[in-house]
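Engineer: First the structure, which I've put down as structure tokens, then a few questions once you've had a look.
The values are calculated or read from the model by the stated rules, or taken from the named source; none is laboratory data. Values in this document were obtained by computation on a predicted structure and should not be read as measured data. Counting neighbours? That spans all protein chains shown, and the Cβs are built from the backbone with ideal geometry, glycine included. Ligands, DNA and RNA are excluded from the accessible area calculation, which covers all protein heavy atoms including side chains. Shrake-Rupley method; radii C 1.70, N 1.55, O 1.52, S 1.80 Å.
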Amino acid sequence: GVATGPGGGTLVADTWNGRVVSFDASGRFVRNWGRLSVGTTPPVPPDVLYGPRGLAYDNRRRVVAVADTGHKRILFFSPEGTFVAEHGGPGKEAGRFDEPVGVAFGPQGSVFVADAWNRRIQRFDASLRGTGEWPVDGWGSRGIADKPYLAVARSGVVYASDPAGERVLVYSPAGDLTAALVAPEWSVAPRARPTGLALDESRGLLLVADPAGGRVWVLPITDKPSQPCRSGR
């Protein structure tokens with residue numbers, strides 16, 4: 001996961017070092033926080049991370065959400081790494097997670113989580129109260145590379161990558177599946193496995209990380225997400 005914050009600084013989820021690394025706008029190292037631990041007995045301290053993946057700033061750039069995937073929780077920090085809050089834990093119930101990967105903020109401070117192995121997207125309000133969830137027709141793979149990420153538009157439209165399905169799913173703010181975005185070249189070797197997502201709404205673009213092909217795809221999006229978009233690189 002990568003997130004850009006105030007002043008153009010960047011945070012990176014350094015997954016298998018179990019930490020978040022901060023760089024300034026020039027790419028110079030600033031700080032890192034977190035330490036890797038596997039099999040820690042609960043309660044797990046907030047500075048202990050197991051395979052962190054998704055990262056997201058809130059809309060005011062004051063809080064950073066981190067998907068602590070292996071510990072099945074979402075952690076919230078200040079941009080400097082000061083612990084703020086924790087949410088989740090292992091389970092199938094609402095508000096619990098199994099392999100949370102992508103995390104994104106939506107309108108009014110809402111939080112969306114790609115609850116991968118429970119094969120659903122969960123939505124919470126700014127106070128982390130559950131406000132809904134919906135199943136994802138996909139996300140069946142447990143492959144180490146098949147991790148789904150999210151991007152949420154200002155309108156509340158949700159984009160969710162489905163690496164094994166070679167597509168990006170689009171949901172209405174209510175959680176209705178409206179489209180599956182693909183590009184014709186995705187079926188050509190090396191076959192695309194879309195993972196990380198980022199929206200550039202000012203230019204109507206969705207950026208899609210494709211680790212399998214070592215590339216980033218740029219797809220046009222429209223104000224009518226029910227219409228599938230198709231594009232090349």
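Engineer: Mind telling me which of the residues Gly70, Gly54 ends up being open to solvent by less than 10 Å² (accessible area, probe 1.4 Å), in contact with a Gly (Cβ under 9 Å, 6 or more places away or on another chain) and closer than 22 Å to Glu93 by Cβ?
Structural biologist: When all the criteria are applied, what remains is Gly54.
Engineer: Tell me which of these Glu99 doesn't satisfy, since it passes every other one: (1) closer than 18 Å to Leu199 by Cα; (2) open to solvent by 10 Å² or more (accessible area, probe 1.4 Å); (3) within 17 Å of the chain's Cα centre (by Cα).
Structural biologist: Against the list (1) closer than 18 Å to Leu199 by Cα; (2) open to solvent by 10 Å² or more (accessible area, probe 1.4 Å); (3) within 17 Å of the chain's Cα centre (by Cα), Glu99 comes up short only on (1).
Engineer: Among the residues of region 28-47, what is the count of those that are over 15 Å from Gly70 (Cα atoms) and either modelled with pLDDT under 95 or in a strand (DSSP E or B) (or both)?
Structural biologist: Taking region 28-47 and keeping what is over 15 Å from Gly70 (Cα atoms), we get 28-33.
Imposing the further condition that a residue be either modelled with pLDDT under 95 or in a strand (DSSP E or B) (or both) reduces the set to 29-33.
Matching residues across region 28-47 total 5.
Engineer: Has region 163-176 got at least one residue that is assigned to a loop (DSSP other than H, G, I, E, B), modelled with pLDDT under 90 and crowded, with 19+ Cβ neighbours inside 10 Å?
Structural biologist: No, there is no match, as no residue in region 163-176 is assigned to a loop (DSSP other than H, G, I, E, B), modelled with pLDDT under 90 and crowded, with 19+ Cβ neighbours inside 10 Å.
Engineer: Another question about this same structure. Report yes if some residue within region 132-145 is part of a strand (DSSP E or B) and among the β-branched types (Val, Ile, Thr); otherwise report no.
Structural biologist: no
Engineer: Within region 40-51, how many residues turn out to be under 18 Å from the mean Cα position of the chain (by Cα) and either open to solvent by less than 30 Å² (accessible area, probe 1.4 Å) or over 22 Å from Gln122 (Cα atoms) (or both)?
Structural biologist: Residues in region 40-51 being under 18 Å from the mean Cα position of the chain (by Cα) and either open to solvent by less than 30 Å² (accessible area, probe 1.4 Å) or over 22 Å from Gln122 (Cα atoms) (or both): 2 in total.
Engineer: Could you check how many residues of region 134-162 are closer than 17 Å to Val113 by Cβ and open to solvent by 50 Å² or more (accessible area, probe 1.4 Å)?
Structural biologist: 1
Engineer: Given the residues Gln108, Gln122, which is the only one that is under 18 Å from Ala56 (Cβ atoms), open to solvent by less than 40 Å² (accessible area, probe 1.4 Å) and out of contact with any Pro (no Cβ under 6 Å at 6 or more places or on another chain)?
Structural biologist: On the way: Gln108 fails: open to solvent by less than 40 Å² (accessible area, probe 1.4 Å).
That would be Gln122, the only listed residue that is under 18 Å from Ala56 (Cβ atoms), open to solvent by less than 40 Å² (accessible area, probe 1.4 Å) and out of contact with any Pro (no Cβ under 6 Å at 6 or more places or on another chain).
Engineer: Here's a check for you: in region 1-27, which residue that is touching a Leu at 6+ places or on another chain (Cβ under 8 Å) and of a type in the set (A, V, I, L, M) is most open to solvent (accessible area, probe 1.4 Å)?
Structural biologist: Filtering region 1-27 for residues that are touching a Leu at 6+ places or on another chain (Cβ under 8 Å) and of a type in the set (A, V, I, L, M), the one most open to solvent (accessible area, probe 1.4 Å) comes out as Val2.
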